[in-house]
Amino acid sequence: MKKRYFAAFTAAVLMLACSCSKPAEKAEIKIPILEGDSSKSYKTAEAACRDLESYTNIAGTVEYAYAETLTIDHDTNILEYNVTKGDHLSKGDVIAVFSSADMNYEYQSQKILTDNAYSAYTASGTESARLEYEQQKLRLDLVQYKIDSYTIRAPYDCIISNISLFETGDAVAAGTPVCTVAKPGDVYVSVDRNLDKFSLGTPVKLKFGTDETYTGKVVMPYNSRYNSGVGAKVLIAFDEGEYARASGDIGNLVTAGWATVSVKVYDKHDALCIPKEAVMVYSGTTYCYIVNDGTRTRIPIETGETVNDLTIVLSGLTEGDIVSY
């Protein structure tokens, strides 16, 4: 009985095919959903318009990007080193003292010449004596200025952002860095990687090892002309109040020195989307199933990008359609 039924069905299909004068158009494929059929279960979702955003995460560094390096300009020995990393100093506070013993003879000699010139001026009161005294005094002041340069002081209210490992008595060559100083709060997040999304003013999200998110913006894009230094980095400044909030939440914010920078790489508003799992591709055709009156119907669709597990549908669906997958 089954064989006769199958043969008759096959013959009917062949006759229908032969009677067509042109290829048949593709028809929608409808599959009824059987009540109580546990052989296959489907998820459903509504085609909906959404705002899509996508971010990429890049490792960054928390630093005083414009820190100033203080150096000793003489071959000498260190006598005192009074700071540690993170110290807050007021302008004029002593950072380090180096031996100025080599200047003692020059100072004493110039001091004698200055004192003698002063005595001659007070005795004679002449204009030439006054000019001689002023010249000798100026030379003495210059020697004193050189001696003062052996003591390194805070140039302004600052924080010690880095130090050198000195011990009392160490010989130090001219030009040796003593420490780096920066203005408190002048903290940036830097990225050593160029990305076209890092343009001037680009907003970013920042994390520092916790789930809390802080905001900032690019204040200096990457400059390919530089091989090192500030210009070879992307600099990100905290938004107003965000650095104070972050440093209050994270006590070792700058000491830890690292950050996660999230920058938006995709942004599309009011895009019709369905779950990416609902999109099927077979023989070069992209389609999905919609559910209507208890029937799953396969329909062709045109799709765009997939963002955050949602695929944009350019045509084939309307908002509110229920897709099955």
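Where a number appears in this text, it was derived from the coordinates with a stated rule and is not lab data. Owing to the predicted nature of the structure, the values given are computational and were not obtained by experimental measurement. FYI the Cβ positions are ideal-geometry reconstructions off the backbone, even for glycines, and counts take in every protein chain you see.
Quick one: Cα centre-to-centre distance for the range 256-318 and the range 45-92, in angstrom?
First find each Cα centre; the distance between them is then 41 Å.
By its C-alpha gyration tensor, with a ≥ b ≥ c as the square roots of the eigenvalues, how is the chain shaped: rounded for a/c under 1.5, else prolate for a/b larger than b/c, else oblate?
Prolate, because a/c is 1.5 or more and a/b exceeds b/c.
If I model a spin label as a point 7 Å beyond the Cα along the Cα-Cβ vector, how far apart are those points for S54 and D75 in nm?
Those two pseudo-labels are separated by 6.2 nm.
Roughly how many nanometres apart are two label points built 7 Å out from the Cα toward the Cβ at T151 and I112?
My value for the distance between the label points is 2.6 nm.
Is the range 64-200 rounded, prolate or oblate when judged by the Cα gyration tensor, a ≥ b ≥ c being the square roots of its eigenvalues, rounded requiring a/c under 1.5 and prolate requiring a/b larger than b/c?
Prolate, because a/c is 1.5 or more and a/b exceeds b/c.
If you take the beta carbon distance between T215 and E319 as r and set R0 to 35 Å, what does 1/(1 + (r/R0)^6) give as a FRET efficiency, to the nearest 0.05?
0.60
A 21 angstrom limit on the alpha carbon distance is what I want to check against. Which of K91/K217; K183/K207; K207/K233; K85/K183 exceed it?
Distance filter (> 21 Å) returns K91/K217; K183/K207.
FRET efficiency for T84 and D186, Cβ-Cβ distance as r, R0 = 22 Å, nearest 0.05?
About 0.70, to the nearest 0.05.
Suppose the chain between T285 and D309 were pulled fully straight at 0.36 nm per residue; how much longer would it get relative to their current alpha carbon spacing?
Answer, rounded to one decimal: 6.6 nm.
If I take every Cα pair under 8 Å that is 6 or more residues apart in the range 69-182, average their sequence separation and divide by the length, what percent do I get for the relative contact order?
Across the range 69-182, relative contact order equals 51 percent.
Kindly point out which whole DSSP H helices in the chain project their C-alpha atoms 27 angstrom or further along the helix axis while averaging a Kyte-Doolittle hydropathy of -1.0 or above.
104-124
Positive end of the charge dipole of the chain (Lys, Arg +1 and Asp, Glu -1 on Cβ, about the Cα centre): tell me which of G60, F198, Y282 has its Cα farthest that way.
Y282
Using only helices, what value at 222 nm comes out for the chain when you add -39,500 (n - 2.57) per DSSP H run of length 4 or more and divide by the total residues, to the nearest 500 deg cm²/dmol?
Result for the chain: -7500 deg cm²/dmol, rounded to the nearest 500.
What percent do you get for the relative contact order of the chain when only Cα pairs under 8 Å and 6+ apart count?
The normalised contact order for the chain reaches 27 percent.
If each residue's Cβ is checked for other Cβ atoms within 10 Å, how do T255, T71 rank with the fewest at the top?
T255, T71
So if we plug the beta-carbon distance of N104 and D270 into 1/(1 + (r/R0)^6) with R0 = 56 Å, what FRET efficiency do we get, rounded to 0.05?
Rounded to the nearest 0.05, the efficiency is 0.10.
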